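Participant: If you scroll down you'll find the structure; I have some questions about it.
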Amino acid sequence: MLTLNNITKKYGKITAVDNLSLKIQEGQIFGFVGPNGAGKTTTLKIIATLLKQTSGNIYINDIEVSTNVKEVRSIIGYMPDFFGVYDNLKVDEYLEFYSDLAGIQYREAKSVISDLLDLVELNSKKNEYVDSLSRGMKQRLCLARSLVHNPKLLILDEPASGMDPRARVQMKRILRELGKMGKTILISSHILPELSELCTNIGIIEKGRMVESGTVDEIMKKSISSNNVRIKVLDSTQNAVKLLQEDSTITYVYGEDNKIEFSYQGDDKDMVKIIKRLVNNDIPVVSFSPMENNLEEIFMKVTKGEE
Amino acid sequence: MINPVLKKELRTRMRTWKTPIIISLYILLISGLFLFVFMNNFMSRGYHHGFRPGSLRDIYLAVAVIQMLLIIYIVPATTAGSISGERERSTFDLLIGTRLSSISIILGKLSSSLVLVILLLIVSIPIMSILLLFGGFSPQNIIVLFAFYIVNAIYFGSIGIFTSAFLKKTSTSTVVSYIIALFLVGGTLFFTIILRAYYFSRIVSGVITVQNPQSFYPIIMYFNPFSGISVILENQIDFNIFDDLISYGTQSNTLSPLYINIGVSLLVSCILLVLSAIRINPMIKIKNIFKRNKLKNTSKKV
Ligand SMILES: Nc1ncnc2c1ncn2[C@@H]1O[C@H](COP(=O)(O)OP(=O)(O)O)[C@@H](O)[C@H]1O
Ligand SMILES: [Mg+2]
């Protein structure tokens with residue numbers, strides 16, 4: 001469905017996307033995860049024909065993107081991370097405008113718009129002005145907008161960012177429904193758990209490079225060889241983190257407030273050594289518990305998350 | 001199918017308070033001017049002289065020139081935010097990423113501004129028709145004048161769209177488009193006067209000899225809409241607004257400055273609109289076009 005071959009994008013001296021390759025099969029829901037500034041938006045904009053790559057090729061259904069812009073635009077639906085709406089335009093007129101732009105006949109557009117408003121639960125708002133809607137509603141409306149021409153591939157740039165938890169749940173439900181409808185979806189986020197239940201595949205990007213990619217299961221397996229532990233301390237979190245970082249068996253440490261999470265390679269004997277070392281250095285350990293592997297930790301480990 | 005951008009612009013523009021205010025002010029200005037010139041003429045000549053056709057001519061002249069100036073004043077303001085406004089509102093990517101071509105988007109923006117101008121011209125018809133009623137003017141006169149206004153709405157609209165496509169902020173775009181408009185009206189006239197003075201001084205001092213010095217007409221003046229409208233007015237009411245400042249002398253066809261002016265205006269408009277369309281197309285970079293040409297040139301040399 002979608003193939004990126006060695007895409008590089010430079011903004012002057014900054015390399016936002018660095019030799020990135022990616023393959024998405026039809027029907028997949030691909031989670032594109034990475035910290036802020038990793039190059040997600042840039043990559044998605046290039047796919048959506050809104051930016052031209054410095055080098056590399058993109059194919060959608062074997063169509064070369066940068067030389068078949070119109071054709072590609074009718075296959076993809078794009079929702080930007082940040083967007084605005086027009087004043088003095090009502091919800092249904094907003095969708096009508098974008099279906100006009102997509103070249104859809106008025107009669108067909110009317111029924112499509114009504115279906116889309118049902119899908120995003122905005123049918124009751126169709127006569128209200130767009131700029132009076134809440135942020136979550138605008139985001140759903142923008143999603144409906146990206147669907148007016150019935151695209152096969154959806155490109156969603158952080159569709160749930162800045163939403164309250166309820167709105168997030170609603171957005172997830174809609175996306176799941178779209179997945180069931182057979183749409184291929186490429187969705188980005190800087191928070192992995194948001195995507196882990198929704199996606200079939202995950203790609204992790206950092207500093208413009210793809211550092212991990214595969215099915216959700218594959219990525220899980222990759223890190224099972226290491227053990228994850230969460231400990232709680234009374235105080236001196238910083239000292240504890242420092243101490244753990246010096247340990248060569250420990251591959252990853254993250255401390256916040258009085259909680260510290262770390263991964264180490266080895267068995268229970270090594271664990272005992274680590275705890276002994278903490279206690280010997282007067283770190284007041286309150287509790288410790290082994291953790292199940294989950295995607296968030298993997299994400300935290302793979303990316304360094306410099307923000 | 002009507003241009004989607006035009007359709008949406010008309011829909012949203014009609015809902016703002018700006019449009020009715022512009023139209024009302026326009027009617028007020030034109031009819032105020034009409035009355036002012038009318039009263040001035042009527043009072044100064046005394047009642048026993050009655051109403052002279054000459055005062056009709058003055059009214060027509062005043063209304064024609066002021067309407068021209070109003071269009072030059074209004075059109076940049078309605079187009080200078082057309083693209084930069086989309087960027088500022090963060091709707092630009094959504095607009096540009098659709099199947100509609102860049103040039104259609106540009107033309108949609110331009111035509112929505114033209115619709116406003118046509119609306120303004122329509123509301124001025126009742127006032128203009130008073131002149132028809134008193135005689136001395138034919139509907140053709142007004143049609144020619146209006147057609148010329150439309151050409152200039154395209155001309156100055158293209159300037160506003162151009163600055164809007166190339167400059168990020170609507171405020172800068174507005175200022176720059178007004179500076180360009182001011183130059184085209186005042187600047188070109190100023191340079192024409194200077195050039196003429198220089199030209200005649202050279203004739204007087206015998207540096208050059210020409211058979212028909214009156215026909216001197218600097219090219220820069222063809223960019224000025226008043227080169228066209230002065231021809232129209234001279235033809236219609238036998239009045240040269242530039243008096244001796246600029247004359248067409250004994251050119252074989254006195255209409256030619258009008259035709260050249262229209263040609264220049266439309267050509268400049270086309271160029272500006274195409275450049276704007278290229279500018280808003282994310283898949284084409286103007287820099288790259290030049291780069292590519294340079295590469296071609298250098299490779300030829302090698
Ligand atoms: N228009 C631009 N000009 C210059 N640098 C940019 C531009 N857009 C993004 N960048 C830079 O490119 C990098 C990637 O940005 P972006 O693609 O927005 O990342 P993400 O969406 O993952 O947060 C960042 O370092 C950012 O500062
Ligand atoms: Mg982003």
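The values are calculated or read from the model by the stated rules, or taken from the named source; none is laboratory data. Given the structure is predicted, the values throughout are model-derived calculations rather than measurements. As a convention, Cβ positions derive from the backbone with ideal geometry for all residues, glycine included, and neighbour counts pool all protein chains shown. Just so you know, the surface numbers come from the protein's heavy atoms only, side chains and all, with ligands and any DNA or RNA stripped out. Shrake-Rupley method; radii C 1.70, N 1.55, O 1.52, S 1.80 Å.
Participant: Report, ordered by chain and residue number, the aspartates and glutamates lying within cross-link reach of A:K172, taken as a straight Cα distance under 15 Å and ignoring same-chain residues fewer than 8 apart.
Facilitator: Candidates past the 8-residue exclusion: A:E121, A:D157, A:E158, A:D164, A:E194, A:E197.
Participant: Let me confirm one metric for peptide A:80-86, namely the mean number of other chain beta-carbon atoms within 10 Å of its residues' beta-carbons.
Facilitator: Mean number of neighbouring Cβ atoms from other chains: 5.
Participant: Moving on. Return the calculated 222 nm mean residue ellipticity for the protein assembly as shown, to the nearest 500 deg cm²/dmol, obtained by summing -39500 (n - 2.57) across DSSP H runs with n ≥ 4 and dividing by the residue count.
Facilitator: It comes out at -17500 deg cm²/dmol, rounded to the nearest 500.
Participant: Can I ask one more? Please give the average number of partner chain Cβ atoms lying within 10 Å of the Cβ of each residue in B:91-104, rounded to a whole number.
Facilitator: Taking all residues of B:91-104 together, the mean is 6.
Participant: Additional query: Any idea what the relative contact order of chain B is, in percent, if you count C-alpha pairs under 8 Å spaced at least 6 apart?
Facilitator: 21
Participant: For A:K232, go through the aspartates and glutamates and keep the ones whose alpha-carbon is under 15 Å away, minus same-chain ones fewer than eight residues off.
Facilitator: Candidates past the 8-residue exclusion: A:E256, A:D257, A:E261, A:D282.
Participant: Once both axes come from the Cα atoms, what is the angle between helix A:165-180 and the longest principal axis of chain A, in degrees from 0 to 90, rounded to 10?
Facilitator: 70
Participant: Determine ³J(HN,Hα), in whole Hz, for all residues of segment A:157-162 in sequence, where each value follows from phi through the Karplus function 6.51 cos²θ - 1.76 cosθ + 1.60 and θ = phi - 60°; x replaces Gly and Pro.
Facilitator: 3J(HN,Hα) across segment A:157-162, in whole Hz: 9, 6, x, 10, 5, x.
Participant: Something else about it: Please average, across the residues of B:2-8, the number of beta carbons from any other chain that are within 10 Å of each residue's own beta carbon, and give a whole number.
Facilitator: Other-chain Cβ atoms within 10 Å of each residue's Cβ, averaged: 4.
Participant: So for B:F191, B:F200, what's the accessible-area order with a 1.4 Å probe, most first?
Facilitator: B:F191, B:F200
Participant: To the nearest 10 degrees, how steeply does helix A:237-246 sit against the main Cα axis of chain A, on a 0 to 90 scale?
Facilitator: Once rounded, one gets 80 degrees.
Participant: Too long at a 21 Å Cα-Cα cut-off: which of A:K152/B:K7; A:K13/B:K285; A:K45/A:K180?
Facilitator: Flagged as over cut-off: A:K152/B:K7; A:K45/A:K180.
Participant: How much accessible area is lost when chains B and A come together, counting both sides, with a 1.4 Å probe, in Å² rounded to the nearest 100?
Facilitator: The buried area between B and A, both sides summed, comes to about 2700 Å².
Participant: So, taking all protein chains as they sit and a 1.4 Å probe, how much accessible area belongs to A:D268, in Å² rounded to tens?
Facilitator: 120
Participant: Using the alpha-carbon atoms, what tilt in degrees (0 to 90, nearest 10) does helix B:53-79 show relative to the longest principal axis of chain B?
Facilitator: Value to nearest ten degrees: 10.
Participant: If packing is taken as the average count of other Cβ atoms within 10 Å, what order do B:108-114, B:70-76, B:159-165, A:168-174 fall into, highest mean first?
Facilitator: B:159-165, B:108-114, B:70-76, A:168-174
Participant: How do B:D93, A:D87 stack up against each other in accessible area, from largest to smallest, with a 1.4 angstrom probe?
Facilitator: Sorted descending by solvent-accessible area, the residues read A:D87, B:D93.
Participant: Under 16 Å from the Cα of A:K70, which aspartates and glutamates turn up, not counting those fewer than eight places away in the same chain?
Facilitator: Excluding near neighbours in sequence, the set is A:D62, A:D100, B:D93.
Participant: Right, next: Which of the three applies to chain B, rounded, prolate or oblate, going by the alpha-carbon gyration tensor with a ≥ b ≥ c and a/c under 1.5 meaning rounded?
Facilitator: Cα axes put chain B in the oblate bin.
Participant: List every residue whose amide H lies under 5 Å from the amide H of A:Y252, counting only residues 5 or more places away in sequence or on a different chain, with H placed 1.01 Å from N in the peptide plane.
Facilitator: A:S263
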